[in-house]
1. Is it fair to say A:Asp22 is of a type outside the set (Val, Ile, Thr), within 16 Å of the chain's Cα centre (by Cα), more than 29 Å from B:Thr5 (Cβ to Cβ) and surrounded by fewer than 20 Cβ atoms within 10 Å (Cβ to Cβ)?
2. What tally of residues in segment A:1-32 results from selecting those that are within 12 Å of chain B (Cβ to nearest Cβ) and touching a Lys or Arg at 6+ places or on another chain (Cβ under 6 Å)?
3. So, B:Ser72, is that one within 22 Å of A:Glu44 (Cα to Cα), modelled with pLDDT of 95 or more and not in a strand (DSSP E or B) or not?
4. State whether the residues of segment B:62-83 include one that is surrounded by fewer than 17 Cβ atoms within 10 Å (Cβ to Cβ), over 13 Å from the mean Cα position of the chain (by Cα), on the phi > 0 side of the Ramachandran plot and among the β-branched types (Val, Ile, Thr).
5. For residues that are within 14 Å of chain B (Cβ to nearest Cβ), among the hydroxyl-bearing types (Ser, Thr, Tyr) and touching a strand residue (DSSP E or B) at 6+ places or on another chain (Cβ under 7 Å), scanning just segment A:59-98, find the one that is farthest from B:Thr53 (Cα to Cα).
6. At pLDDT 95 or above and within 22 Å of B:Leu46 (Cα to Cα) - does that describe any residue in segment A:46-68?
7. Does any residue of segment A:39-55 turn out to be surrounded by fewer than 16 Cβ atoms within 10 Å (Cβ to Cβ), among the small types (Gly, Ala, Ser), free of Cβ contacts under 8 Å to residues at least 40 places away in the same chain and within 13 Å of chain B (Cβ to nearest Cβ)?
8. Got a number for residues in segment A:63-115 being in a loop (DSSP other than H, G, I, E, B), free of Cβ contacts under 8 Å to residues at least 60 places away in the same chain and closer than 28 Å to B:Cys91 by Cβ?
Amino acid sequence: AQKVTQAQTEISVVEKEDVTLDCVYETRDTTYYLFWYKQPPSGELVFLIRRNSFDEQNEISGRYSWNFQKSTSSFNFTITASQVVDSAVYFCALTGGTSYGKLTFGQGTILTVHP
Amino acid sequence: KAGVTQTPRYLIKTRGQQVTLSCSPISGHRSVSWYQQTPGQGLQFLFEYFSETQRNKGNFPGRFSGRQFSNSRSEMNVSTLELGDSALYLCASSQSRPTDTQYFGPGTRLTVL
């Protein structure tokens, strides 16, 4: 069975602070894919990044960066110089093997960025 | 390219009724997955369709069913609604491989009274 754990239920920061959202996963698949999604108050899940299990390179996209460490089964997400518009619920998700269209999501982290 | 669309956006039903939700995937996407989101259970996978065939199903009772049409549009149906079925129902589309990125629609907010 697959499992994703986001230990931080809520995080509150002040604008311009850096913030890291943690994600730990469990899977028996040797090939799997990890994702991060953002859910603003409107409700739609917005895709942020996809990473496969064979690619442990960290990735940076503007103010966003992701740290994938297979040794610790973690896929953490850092927002640098946070902004009010970053306020949302962030989900880490996992799929692999014969999951066929099934994403297993963590419980989500509510990020609030105060001006 | 237009995104995933879902109709209706909001729905209010009473216990015992049935409901049908619709999802139109991104053009060219052939796989559609459905998820239920509630405050207590989070995001849970319902089922996935590809080429009009259900390839995978989550742990939901038989009251939850779905189908996919030849144009990849999908519908899900919930019969004999219960109060606990109140949720945000999200549809996602992807190209074809099981591990392709899923792109989500805005969801249908179902309230059961």
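The values are calculated or read from the model by the stated rules, or taken from the named source; none is laboratory data. All figures in this text were calculated on a predicted structure; none of them were measured in a lab. Here Cβ is always computed from backbone atoms with ideal geometry, including for glycine, and neighbour counts include all displayed protein chains.
1. yes
2. Selection size over segment A:1-32: 0.
3. yes
4. yes
5. Filtering segment A:59-98 for residues that are within 14 Å of chain B (Cβ to nearest Cβ), among the hydroxyl-bearing types (Ser, Thr, Tyr) and touching a strand residue (DSSP E or B) at 6+ places or on another chain (Cβ under 7 Å), the one farthest from B:Thr53 (Cα to Cα) comes out as A:Tyr90.
6. Yes - at least one qualifying residue is present in segment A:46-68.
7. yes
8. So the count comes out to 5.
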